[in-house]
Structure formats: structure tokens, C-alpha cells
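Since the structure comes first, as C-alpha cells, the remarks are kept for the end.
The values are calculated or read from the model by the stated rules, or taken from the named source; none is laboratory data. These figures come from a predicted structure and were not determined experimentally. Counting neighbours? That spans all protein chains shown, and the Cβs are built from the backbone with ideal geometry, glycine included. In case anyone asks, the SASA skips ligands and DNA or RNA and just uses the protein heavy atoms, side chains included. Shrake-Rupley method; radii C 1.70, N 1.55, O 1.52, S 1.80 Å.
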Amino acid sequence: MEYTELEILYEDNHLIAVNKPAGVLVQPDKKGDKALEQLLKEYIANKYSKPGEVFLGVCHRIDRPVSGVVLFARTSKALVRMNEMFKAKEIKKTYWAVVGNKPEALSGHLVHWLKKNETKNMSHAHDTEVKGSSKSELEYKWLKSIDNYHLLEVNPLTGRHHQIRLQLSKIGCPIKGDVKYGARRGNGDGSIHLHARKAEFVHPVRKEKISITAPIPNEVVWKAFEM
């Protein structure tokens, strides 16, 4: 992927938001694949003719096979304030998930205790607290069904490792393509049908309400749910 292909959703002197495609890392890893952070730095350097190193702060991350809104800070002041807002749970994130099984309850509040396995890069959900686990909460509601698939809207209330993927799987609704957490088969491109649809918050500098929505991927199942 090249920086010219980025879908910029929001941009000002303090923040920039991009619609991350599935399969792209937010930050570089040991494999050396070009990450969203690097692509955005190239975009900013080119657009504003900035010499030298471009400052760009990562406010949060989403998993590699997940698509949707990712927020970055363009100034250190904005980064500090965004980090504080995330910690205080003042940033509302909304996800869309396509699942193969319709949940028994069309809406709900899920609470589990998640424990991460670093070696396998996956987590396990427990109904009660166990040693080394972290409380994980989310709210979901059913939006629409087509053929064999169902669209859920999810609002995570905590930010745990693989939280949405695991908690939906725990209630019998694994996300399409997510073989790590119970899907019957993977997607051909390695993606999963989880999309960071919206981010809502008060601007860290201008103090105005901001709502950023990411269009769904241009893919046949996603497009069937277009509203």
C-alpha cells in the first residue's frame, strides 16, 4: 500500500483520522511490513512539504485483520490529551461486526474476565475472575440480517486484547473469518468482518464535538449490509 491510497476521514493541525484497510498494521512490527503510521508520515511530509522527521502520535490501535477508524495526533499536546481521554473512557468507539449466528438476545451487556496468552497472541474469556485476568465489558445490538449473516453494532466499554472478537465468540457469535475465535472458515484475504465504524469525542484542543465515521469496506458481504 502507498500513502496516496490512504482514505483520510478527518484532518486538522492537531489530529488526523484514517480508514484503515484490513491487513495493514497500525504500527510496525518485527516483520518490517509498512504500517499505517509510516504511510501517514509520508502523506503529511508530502502534503505539507515537511523536511526531516514528521511527528505523529498513535492514539490507539486496532488489530491487523480489522478495518476502520484509527486516530493519530499531529502534536505532542494533542497526543497527551487524547491519551488522557482514552484512559478516562471519554472517547466512544462503535464497531460493526458480521457474525454467522444471530445472538439469542438481540441486545445485551457482556461482562467477562479476559486473560491474554502472549505466546499464542490470543486471549481466553472466563465468566468469573481468575488470576491474571482483566474485566472486559461491551454492549451490542442486532442491526440487520441477510441470508446466513447478521450485523451487530458493538460499543466496547473497556479496551482489552481481542475483546470484541472473543466476547462475541463466547456467546456463540464468532465474527466472519475469525478462525482464531471460532469461525468455521477464514476470509481469503486474511481479514475478519469487524469494522471500527465510528469515533466520537470532544476535540482535545478546540473543545468541539467530533464524530468520525468510516465507510464500510468495498466487499460483497459488507456491501450487502450497506444502510
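Looking at PRO65 and the list (1) open to solvent by 50 Å² or more (accessible area, probe 1.4 Å); (2) within 27 Å of VAL98 (Cα to Cα), which single condition is not satisfied? It is condition (1) that PRO65 fails.
So which of ILE212, ILE146 ends up being surrounded by fewer than 17 Cβ atoms within 10 Å (Cβ to Cβ) and β-branched (Val, Ile, Thr)?
Testing whether each residue is surrounded by fewer than 17 Cβ atoms within 10 Å (Cβ to Cβ) and β-branched (Val, Ile, Thr) leaves just ILE146.
Please verify whether the stretch 32-44 includes one or more residues that are touching a helix residue (DSSP H, G or I) at 6+ places or on another chain (Cβ under 8 Å), polar (S, T, N, Q) and open to solvent by 50 Å² or more (accessible area, probe 1.4 Å). No, the stretch 32-44 contains no residue that is touching a helix residue (DSSP H, G or I) at 6+ places or on another chain (Cβ under 8 Å), polar (S, T, N, Q) and open to solvent by 50 Å² or more (accessible area, probe 1.4 Å). Residues that are part of a helix (DSSP H, G or I), of a type outside the set (Gly, Ala, Ser) and free of Cβ contacts under 8 Å to residues at least 24 places away in the same chain within the stretch 42-71 comprise just one, LYS47. Here GLU53 clears all of (1) open to solvent by 20 Å² or more (accessible area, probe 1.4 Å); (2) at pLDDT 95 or above except the condition numbered (2).
Restricting the search to the stretch 151-188, which residues are of a type in the set (Val, Ile, Thr) and either on the phi > 0 side of the Ramachandran plot or open to solvent by 20 Å² or more (accessible area, probe 1.4 Å) (or both)?
Result: THR158, ILE171, VAL179.
Cβ-Cβ distances below 6 Å connect the following pairs, each with a first residue in the stretch 1-24 that is closer than 12 Å to ARG74 by Cα, a second residue that is in a strand (DSSP E or B) and open to solvent by 40 Å² or more (accessible area, probe 1.4 Å), and a separation of six or more residues or different chains: ALA17/LEU9; ALA17/TYR10.
Mind counting the residues in the stretch 143-190 that are assigned to a loop (DSSP other than H, G, I, E, B) and of a type outside the set (A, V, I, L, M, F, W, C)?
Number satisfying all stated conditions: 18.
Counted as qualifying within the stretch 87-137 are the strands (runs of 3 or more DSSP E) with 1 or more residues that are in contact (Cβ under 8 Å) with a residue 12 or more places away in the chain, charged (D, E, K, R) and surrounded by 12 or more Cβ atoms within 10 Å (Cβ to Cβ), namely 92-99, 107-117.
Condition first: open to solvent by less than 40 Å² (accessible area, probe 1.4 Å) and under 30 Å from GLU84 (Cα atoms). Now tell me which residues in the stretch 215-227 satisfy that. ILE216 - this is the single residue of the stretch 215-227 that is open to solvent by less than 40 Å² (accessible area, probe 1.4 Å) and under 30 Å from GLU84 (Cα atoms).
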